[in-house]
Structures are given as structure tokens and as C-alpha cells.
Amino acid sequence: AYEIMPSLVGSEMCIRDRSGSMSEETDLPLAAGIIARVVRAMPQDGLQVYCADTDLRSCEKVCTAESLKVVGRGGTRMEVAIPKVDEEIPRPDVIICVTDGYTAWPEHETRARTIVCLTHKGHKDVPSWITTLEVCE
């Protein structure tokens, strides 16, 4: 089991997959639980959370997972969302992406360390430079 300890690494940003393939019954609650754990490990100033499907749909700073808004529900394009978050100012040290993995991935390595938490097993096409965690039930 992996434990993500964001408060030890610096500036973190999170991407929550809000595409139509993310199940309301399993994937989205699992994603909210992961984000809640990251938020609890953060300093008091909260966590930048992006909702993404075919593009970034929203960005909000959250101090509790319960305050996350529901935005999106289209296709999935993490090959677009991850590089856009990597270009944010201030630049993130870590990007945590929670997704079911039904997506294409960025062609080039990000400047930030990228961690993908997969809510489904068996996605072998994640690039080797991305740390991949299977967090499915």
C-alpha cells in the first residue's frame, strides 16, 4: 500500500477525472476519498483541485473533500489536462491525478512529479515516468 504524503513534498495540485466513464457509484466516491486523504495531509491553506474531462473544467482550492463541486461529464483527455496543470503558476511540484485510466496520456514527461491513482485495474499504457497506483476496491 502506498501513502501519499503531500505536505512533505511542496506545491501539490490534483486533477479529478469527471468524465462520463467515472462511475457515480464507485469511481467518484473513491476519487473523493483519495482527495480527502490528500487534503487532510496538507497545510491549512488547502489543495488546488481541477476537474477535467476533455479539458480542464474548473479549478478550486478546497480545504475539505465535501466542498468539491461537480463539473464535467464528457470524454477523457488527460493528455491535455496533465500538461495544462503542469504549466500553472505557481508551478506544482506534484500533480496527483485520480482517474479510471480510460484516456490517452501526455507524450512528454511533466516538470512536476506526476502520480496517477487508477480506480480500475489493468491499465498498462500509462507512461513509465508517471508513478501509477491502483486504488480500486
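The values are calculated or read from the model by the stated rules, or taken from the named source; none is laboratory data. The shown structure was predicted, so the numbers you read here are calculated from the model rather than taken from an experiment. Glycine also receives a Cβ, built like all others from the backbone with ideal geometry; neighbour counts cover every protein chain displayed. Heads up: the accessible areas ignore ligands, DNA and RNA and are worked out on the full protein's heavy atoms, side chains in. Shrake-Rupley method; radii C 1.70, N 1.55, O 1.52, S 1.80 Å.
The sole residue among Val71, Val62, Val38, Val49 that is open to solvent by 10 Å² or more (accessible area, probe 1.4 Å) and either of a type in the set (S, T, N, Q) or modelled with pLDDT under 95 (or both) is Val71.
Note on the stretch 85-137: residues that are open to solvent by less than 90 Å² (accessible area, probe 1.4 Å) and in contact with a helix residue (DSSP H, G or I) (Cβ under 7 Å, 6 or more places away or on another chain) total 18.
Within the stretch 117-137, the set of residues being hydrophobic (A, V, I, L, M, F, W, C) and free of Cβ contacts under 8 Å to residues at least 24 places away in the same chain comprises Leu118, Trp129. Anything in the stretch 37-48 that is part of a strand (DSSP E or B) and touching a helix residue (DSSP H, G or I) at 6+ places or on another chain (Cβ under 6 Å)? List them, or say none. Residue satisfying the conditions is Leu47 alone.
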